[in-house]
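No value in this document is a laboratory result; all are computed from the given coordinates. What you see is a predicted model; the values in this text were computed from it and never measured.
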Amino acid sequence: MKNIVILISGGGSNMAAIARTAQRDGWRKAYDAQVAAVISNRPDAKGLALARESLIATEVVDHTAFDSREAFDAELAAVIDRRNPSLVVLAGFMRILTPGFVERYRGRLLNIHPSLLPAFPGLHTHQRALDAGCKVGGATVHQVTSDLDHGPILEQAVVPVLPGDTAETLAARVLTQEHLIYPQTIARLLPTL
């Protein structure tokens, strides 16, 4: 079985979109794949409840309990590895991972970022796009490398910037595209794993 482990920090809407698509499209039968677990670094992450409602195993590795990023990443990796992951999927996981962690899952670690990378890596992407006068925004699915938001691009979705857009309205439109392209990209990768 190809196990997908999803890491979240918040509401889990991308995680839920992936889980819904896996169920709807029969990933278990089509690809011998399943969402095996959802892990959060925040005990109060709302996405944990969504995962439980979908009967997906959940775990918490609270980053505040660790003295260093390396110690947190070591424990996180131990929890992930118990699931024998074929893919580790960052879905709103708001932690910068250490190079050792990234190397451990090289080629199997994905992220979605709310901009058209390489433009606007990091935080506040929608406001930065508006401030720069961009005519389009979007989202990017990419492989994770040690360079923040600079891994090989696997898929992108373009969203027009509309007159009167705020960071919030643009973010909402981009998020709807994230919910489409992230599961599609994972599904395309599954036969190759």
Three principal axis lengths of the chain [C-alpha, angstrom, descending]: 48, 42, 30
Using alpha-carbon coordinates, inclination of helix 13-24 to the longest axis of the chain, degrees: 60
Sequence-distant lysines (8 or more away, or on other chains) whose Cα lies within less than 19 Å of K2: K29
Choice from L117, L87, L130 with maximal GNM fluctuation in the chain (Cα, 10 Å cutoff): L130
From phi via Karplus (6.51, -1.76, 1.60), per-residue ³J(HN,Hα) for segment 159-167 in Hz, x at Gly/Pro: 10, x, 8, 9, x, x, 4, 10, 4
